[in-house]
Amino acid sequence: MRKSLHIKLVLIMVLLIVSLMVVVGAFLMNSVTGYYIDEFYQQIRDAFSQDNVDFVRYLQTATEDEEDGAAMVGAVLSTYEGVLGVDRRNRNFYVLDGATGRFLTGSAPEPEGGIPITPNISTALLGTVGDDSSVTADYMDAAIPITRGGQPYIVYILDSRETARSLNAEMFSLIMEALVLGLIISVLLSFLLAKTMVNPLQRLTNGIEGAARGDFSRKLEVTSGDEIGQLTESFNAMAQQLETTIAAVENERNKLDTLFLHMADGVVAFDREQRVIHVNPAAARLLGRAFTQEDTYAELFGDMFTFQQAESAPSGGLAGSRTVEGRYLELLLAPFAREGQGGVLVLIHDVTEQRKAEQMRKDFVANVSHELRTPLTNIKSYAETLDNGVGELPPEMEHRFLGVILNESDRMTHILQDLLTLSRFDSGRSELRLTTFPFAKAVDDTYQAVLMDAQNHSHTVELALPDNLPQVRADRERIMQVMMNIVSNAIKYTPDGGRIVISAGRAGDDKVWMEVDDNGIGIPEGDRDRIFERFYRVDKARSRQSGGTGLGLSIAQEIMLQHEGTLYLVDKEDPGLTICMELPVVGPREEAAHEG
């Protein structure tokens with residue numbers, strides 16, 4: 001930039017000086033030539049004017065004994081050479097025949113080839129003074145017709161303009177010297193201008209180049225108050241504003257990038273050539289595939305809608321769904337366009353949990369309806385039988401029917417109590433009444449409570465308690481409910497004459513556990529993951545016969561979660577089932593325990 005601007009400044013100054021000197025030189029030279037011509041003709045007019053009557057009279061008045069009028073005219077003109085400006089070098093006078101224009105005499109010999117008949121001579125031959133000037137001619141002349149002694153003569157004054165040419169040559173030499181001096185001055189001025197203009201512009205250029213690379217930290221020095229200084233101040237303000245704006249944009253972009261990368265929903269964007277331009281990790285995870293630049297819309301979503309359909313979709317987009325590796329996905333395809341660019345955006349939402357929750361809700365309603373319908377049907381049937389047979393049925397039968405009605409009522413009450421308990425857990429209204437009690441004593445109490453029921457089924461129940469079990473902080477009634485549920489299930493689902501082992505121990509310094517192992521019917525591998533679901537029973541017919549509702553383990557699981565403990569199945573090779581519960585010694589967090 002510096003060299004370029006230097007050259008431009010030098011060229012501008014050179015052109016300026018040259019143009020100025022050419023104009024001035026032409027004007028001066030034309031002015032000198034014009035002045036010399038005007039001076040010539042003015043001198044001639046003054047010489048032959050009425051104010052110089054003596055000179056004119058001497059030219060026109062002949063003497064009595066005059067023999068050669070032309071010679072006498074020449075003699076008079078010689079006397080008045082100073083008035084006519086005749087120097088006999090550049091300017092001469094000639095006396096011509098007034099009828100033919102022939103040379104008669106003069107201050108200089110007749111030129112070789114004679115005196116040409118000029119326009120002024122032609123005018124004088126017609127009897128009129130010829131004093132027209134021509135700037136283009138290389139001479140100046142004037143022809144004045146006179147009459148002397150009855151003879152016509154022409155006084156012809158001829159100037160070769162050599163004086164004007166010499167003066168113009170001198171002036172041209174001066175102009176060229178001035179031009180050279182002006183060129184030297186222009187070069188010097190260009191360096192001065194470079195210091196005052198080019199250097200600030202160079203700093204401004206460097207600052208702009210730094211800003212183009214993203215460096216807005218440099219503040220340019222303002223060295224003048226002129227337009228360049230104002231431009232520098234404006235650039236500094238612009239750079240600061242750009243730095244602030246870009247920082248804000250970068251911050252927003254980082255937010256969007258973070259949101260894009262960590263959002264649970266998948267996002268895939270395609271350009272108008274149907275190529276993938278953006279994809280977040282959630283999309284790759286939900287669709288179960290890795291994306292490459294070769295992936296296209298037709299390969300990924302062409303089976304749902306064509307790209308043209310998606311690109312011309314209304315503002316609400318096009319909705320679709322698909323199943324990938326057991327996950328239910330809802331897809332929204334919508335076009336986007338910005339600054340001449342656009343494409344299609346695909347939003348992928350995983351609704352697997354919602355589908356499962358909806359299905360669980362349906363199953364829950366169906367199970368509750370089924371569980372309540374059975375006892376209600378039995379109650380209604382036996383009650384109608386009693387009502388229709390009042391006074392006719394034997395007392396023993398009436399007593400048996402009433403027993404069935406009472407049992408079914410108790411069964412309904414038990415179902416409703418379990419449902420109420422789960423509802424309290426779900427709504428967070430079930431508070432824990434935390435106390436500190438010996439964990440071993442709770443396990444032993446559970447053992448003693450179920451011992452008689454186990455003996456009725458001819459089960460062998462073993463208890464294995466270590467001596468170092470600590471006290472725990474928990475809701476004793478809820479923990480006992482969990483223990484009773486686990487052991488009762490083992491008794492129910494173990495064929496008569498089975499073996500049940502109740503054991504307990506410590507898991508590190510902060511947890512205790514109780515494990516119930518039986519050799520009963522066990523749970524098939526495909527049902528183990530669902531054992532804690534509400535109303536879920538492996539053998540529904542046998543469960544109802546044993547009085548089960550399918551809610552016991554669900555309630556136990558909720559109680560353990562409230563205590564920040566765990567309830568899980570233990571893998572075993574032998575027949576039967578092993579369930580283990582783990583409980584923190586210090587109990588749950590206080591705020592969770594009293595959450596209402």
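The values are calculated or read from the model by the stated rules, or taken from the named source; none is laboratory data. Keep in mind it's a predicted model, so treat the numbers as computed, not measured. Note that each Cβ is placed from the backbone with ideal geometry, even for glycine, and that neighbours are counted across all protein chains shown. Each accessible area value is taken on the protein alone, full model and side chains, heavy atoms only, with ligands, DNA and RNA left out. Shrake-Rupley method; radii C 1.70, N 1.55, O 1.52, S 1.80 Å.
Numbers for the structure displayed
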{"quantity": "Matching residues in region 494-516 - criterion: being in a loop (DSSP other than H, G, I, E, B) and among the aromatic types (Phe, Trp, Tyr)", "calculated": "none"}
{"quantity": "Among the candidates 330, 243, 233, residue that is open to solvent by 60 Å² or more (accessible area, probe 1.4 Å) and touching a Phe, Trp or Tyr at 6+ places or on another chain (Cβ under 6 Å)", "calculated": "243"}
{"quantity": "First in region 287-304 and in contact (Cβ under 8 Å) with a residue 60 or more places away in the chain, second anywhere and small (Gly, Ala, Ser) and surrounded by 10 or more Cβ atoms within 10 Å (Cβ to Cβ), Cβ under 8 Å, 6 or more apart", "calculated": "287/266"}
{"quantity": "So residue 252, is it touching a Pro at 6+ places or on another chain (Cβ under 6 Å) and of a type in the set (Asp, Glu)", "calculated": "no"}
{"quantity": "Tally of residues being touching an Asp or Glu at 6+ places or on another chain (Cβ under 8 Å) and at negative phi across region 285-309", "calculated": "1"}
{"quantity": "Enumeration of residues in region 312-327 that are open to solvent by less than 70 Å² (accessible area, probe 1.4 Å) and closer than 15 Å to residue 272 by Cα", "calculated": "313"}
{"quantity": "Elements of type helices (runs of 4 or more DSSP H) contained in region 12-127, each with 2 or more residues being open to solvent by less than 20 Å² (accessible area, probe 1.4 Å)", "calculated": "53-60, 69-79, 119-125"}
{"quantity": "From 267, 276, residue being farther than 30 Å from residue 203 by Cβ, without any contact (Cβ under 8 Å) to a residue 40 or more places away in the chain, touching a strand residue (DSSP E or B) at 6+ places or on another chain (Cβ under 7 Å) and β-branched (Val, Ile, Thr)", "calculated": "276"}
{"quantity": "Qualifying residue in region 245-267 (condition: among the hydroxyl-bearing types (Ser, Thr, Tyr) and at pLDDT 80 or above)", "calculated": "yes"}
{"quantity": "Qualifying residues in region 132-148 (those that are at pLDDT below 85 and open to solvent by less than 60 Å² (accessible area, probe 1.4 Å)) - the one nearest to residue 90 (Cα to Cα)", "calculated": "137"}
{"quantity": "Subset tally (residues that are of a type outside the set (D, E, K, R), open to solvent by 20 Å² or more (accessible area, probe 1.4 Å) and within 19 Å of residue 432 (Cβ to Cβ)) for region 471-493", "calculated": "5"}
{"quantity": "Flag if residue 309 is modelled with pLDDT of 80 or more, in contact with a strand residue (DSSP E or B) (Cβ under 9 Å, 6 or more places away or on another chain) and open to solvent by 90 Å² or more (accessible area, probe 1.4 Å)", "calculated": "yes"}
{"quantity": "Lone unmet requirement of (1) modelled with pLDDT of 75 or more; (2) surrounded by 16 or more Cβ atoms within 10 Å (Cβ to Cβ) for residue 180", "calculated": "(2)"}
{"quantity": "Qualifying residues in region 531-565 (those that are open to solvent by 60 Å² or more (accessible area, probe 1.4 Å) and touching a helix residue (DSSP H, G or I) at 6+ places or on another chain (Cβ under 6 Å)) - the one modelled with the highest pLDDT", "calculated": "534"}
{"quantity": "Count - residues of region 494-531 that are more than 22 Å from residue 582 (Cβ to Cβ) and in contact with a Gly (Cβ under 7 Å, 6 or more places away or on another chain)", "calculated": "5"}
{"quantity": "Lone unmet requirement of (1) closer than 30 Å to residue 586 by Cβ; (2) modelled with pLDDT of 70 or more for residue 406", "calculated": "(1)"}
{"quantity": "Residues satisfying the stated conditions in region 444-470, i.e. in contact (Cβ under 8 Å) with a residue 40 or more places away in the chain, outside any helix (DSSP H, G or I) and over 13 Å from residue 498 (Cβ atoms)", "calculated": "463, 464, 466, 469, 470"}
{"quantity": "Test: residue in region 263-281 that is closer than 23 Å to residue 328 by Cβ, out of contact with any Phe, Trp or Tyr (no Cβ under 7 Å at 6 or more places or on another chain), basic (Lys, Arg) and outside any strand (DSSP E or B)", "calculated": "no"}
{"quantity": "Which listed residue is under 29 Å from residue 437 (Cβ atoms) and either modelled with pLDDT under 90 or open to solvent by 50 Å² or more (accessible area, probe 1.4 Å) (or both), from 453, 496, 517", "calculated": "453"}
{"quantity": "Every residue from region 274-294 that is under 22 Å from residue 308 (Cα atoms) and either basic (Lys, Arg) or open to solvent by 80 Å² or more (accessible area, probe 1.4 Å) (or both)", "calculated": "275, 278, 293, 294"}
{"quantity": "Residue match in region 213-226 (condition: at pLDDT 75 or above and loosely packed, with under 15 Cβ neighbours inside 10 Å)", "calculated": "no"}
